[in-house]
Structure formats: structure tokens, C-alpha cells
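Asker: What follows is a structure written as C-alpha cells; I'll ask about it next.
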Amino acid sequence: MHTPFDLVLFDLDGTLVETAPEICDAVNDTLRRFDLPGATLAQVAAWIGHGTRELLIQALAQASGTDVATVRASGTLPLIAAEFDRHYAARCGTRSQPYPHVVDTLHTLRAQGVKLAVVTNKEGVYTRRVLDAHSLTPLFDRVVSGDSLPTKKPDPAGAQRCMAELGVPADRTLFVGDSSIDAATARNAGVRVWLLPYGYNMGKPVSACGPDRVIADLRALLSPTPLPV
């Protein structure tokens, strides 16, 4: 069965790869270094979506009992961010794993001639590390990270760049993600959006995001009818 899409755009964290455990490790490595209380896995998962720098700011605000604006304006943030970068570089790929059916589905889509891209808010260095750690890099025609362009999701620029460079119109493009950020990105780009319920939607049900479909896993891309969630 051939998919009705010529291009599928994928979010990364919470959609293709479960990354929260190793991000949580890096966050807590950093917090311990500055004698701050640690974060739980559930907290870190709820902060995923806007890039690792914003996630770190959320963690620091939580640990220090202050607000994100104060943390963002702090003169010590660059020092703490550099420490986090060091820890996350070491942690990338250590406790993340592709979700079930991701790898097989991506290979099948490529065999059918579907073009594949990643559009993520994760910084490029970490995007590459995660994709490389799980041998996913060769499966994608394009990768747009959170620092690839002047704007990031939900701005549609990343999705639009992929469509333009790969020569696929919006009506033949699908966005697959796990959050309200992905839903908004797809709407802003004028493409359909399917959301997965197992990722990191800030602790809220993805059905509330108004996607075209909620799918149980990526096998739905190869199926004519929705799989049960």
C-alpha cells in the first residue's frame, strides 16, 4: 500500500525517538554541579518541545524557585548552559531509543519513494548526535533543527524549506508529531498533521490539539485505516 503523501515531515523527540531519559540525566548532571535540586523524568518530559536551551531554563527556574524571565536574564546562564552542553553531549544516544515500528516504517516509506524529513526545535548538534546514535541519519532527505533557521516551530519556515527544496506541494505533504507545537507548525505551513499520543505534549492529550488524526504508532502511515490508539 502506497501512502497518499510524497513527503512526510517528522518531529524528533517524542515522535521518532524517546529522548527524555537521557535529557533528564543531563539536566540533573548540570543541576548537581551547581548544588541545585534535581528534576524528575516527568518534569523534564513536560518541558520538551521548545529546544534544549529553553528546557534548561525551565529546569533552572524550577530548581531555584524563580521564574523563567529571571533565569533568562541571569548573567550566570551562559556558564550553566555551557555545563549543560558538556553533559548532554556525553549523554546523547546513551538512554534514548526509537519508538516501536519507527525504523521499519521509515525504511518502508523510503522504499515506496516517499521523501522524509525531520523538523525539530532541538539544536543541530544534538539532532545529529541522536540521529547518528540510532543510525537514522541516512533515512532522511532533509533535517531542519531549531538553529538551522532564524525561526523555529511553530513558525512554518522549516517545513516550507523542506517542501521547497524537495519539490513537494503542501497538499502532498504530511507532518507527524506529538505536540501542540507540531500541530500549529503544520497548520501554519498549510499541511495535514497526524499526532502520536506517546510523546511529550507538555502533559496534555494530543487530541486537544485538533490534528487530522491521532495515530497509535507510525504503522498508520502504511495503513489505509487508522490503527487503534
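The values are calculated or read from the model by the stated rules, or taken from the named source; none is laboratory data. This is a predicted model, so every value here is computed, not measured. A quick note on method: Cβ atoms are made from the backbone with ideal geometry, for glycine too, and the neighbour counts reach across all protein chains shown.
Asker: Give me the residue from the range 177-203 that is out of contact with any strand residue (DSSP E or B) (no Cβ under 9 Å at 6 or more places or on another chain) and in a loop (DSSP other than H, G, I, E, B) and, out of that set, modelled with the highest pLDDT.
Answerer: Once the filter is applied, the top-ranked residue is Met202.
Asker: Output the number of residues of the range 96-122 satisfying the condition of being closer than 22 Å to Tyr198 by Cα and outside any helix (DSSP H, G or I).
Answerer: Within the range 96-122, residues that are closer than 22 Å to Tyr198 by Cα and outside any helix (DSSP H, G or I) number 13.
Asker: Give the residues of the range 79-113 that are basic (Lys, Arg) and within 16 Å of Leu31 (Cα to Cα), sorted by residue number. So that I can check it myself, show each step before the final result.
Answerer: We begin by selecting, within the range 79-113, every residue basic (Lys, Arg); these are 86, 91, 95, 110.
Arg86, Arg91, listed by residue number.
Asker: Moving on to the next point. Out of Asp104, Asp178, Asp171, Asp141, which single residue is surrounded by 21 or more Cβ atoms within 10 Å (Cβ to Cβ), under 24 Å from Ser223 (Cβ atoms), among the charged types (D, E, K, R) and not assigned by TED's automatic domain parsing to the domain that holds Cys24?
Answerer: Values: Asp104 fails: surrounded by 21 or more Cβ atoms within 10 Å (Cβ to Cβ); Asp171 fails: surrounded by 21 or more Cβ atoms within 10 Å (Cβ to Cβ); Asp141 fails: surrounded by 21 or more Cβ atoms within 10 Å (Cβ to Cβ).
None of the others qualify; the one that does is Asp178.
Asker: Here's another thing I want to ask about it. Any chance the range 93-100 includes a residue that's under 30 Å from Gly167 (Cβ atoms), touching a helix residue (DSSP H, G or I) at 6+ places or on another chain (Cβ under 7 Å) and hydroxyl-bearing (Ser, Thr, Tyr)? Talk me through it step by step, then tell me what you get.
Answerer: Narrowing the range 93-100 to residues under 30 Å from Gly167 (Cβ atoms): 98-99.
Adding the requirement that they be touching a helix residue (DSSP H, G or I) at 6+ places or on another chain (Cβ under 7 Å) leaves none.
For the range 93-100, residues under 30 Å from Gly167 (Cβ atoms), touching a helix residue (DSSP H, G or I) at 6+ places or on another chain (Cβ under 7 Å) and hydroxyl-bearing (Ser, Thr, Tyr): absent.
Asker: A further question on this structure: Please pick out the residue among Leu9, Leu31 that is modelled with pLDDT of 95 or more, in a helix (DSSP H, G or I) and in contact with a Gly (Cβ under 9 Å, 6 or more places away or on another chain).
Answerer: Details: Leu9 fails: in a helix (DSSP H, G or I).
After ruling out the rest, the residue left standing is Leu31.
Asker: Only one of Leu221, Leu174 is out of contact with any Pro (no Cβ under 6 Å at 6 or more places or on another chain), part of a helix (DSSP H, G or I) and of a type in the set (A, V, I, L, M, F, W, C). Can you tell me which? Write out each step before concluding.
Answerer: Details: Leu174 fails: part of a helix (DSSP H, G or I).
Just one listed residue meets the conditions, Leu221.
Asker: State all residues of the range 40-59 that are assigned to a loop (DSSP other than H, G, I, E, B) and either of a type in the set (Ser, Thr, Tyr) or buried (at least 22 other Cβ atoms within 10 Å of the Cβ) (or both); if no residue qualifies, say none.
Answerer: From the range 40-59, those assigned to a loop (DSSP other than H, G, I, E, B) are 40, 48-51; that's our starting set.
Hits for the range 40-59 are Thr40, Ile48, Gly49.
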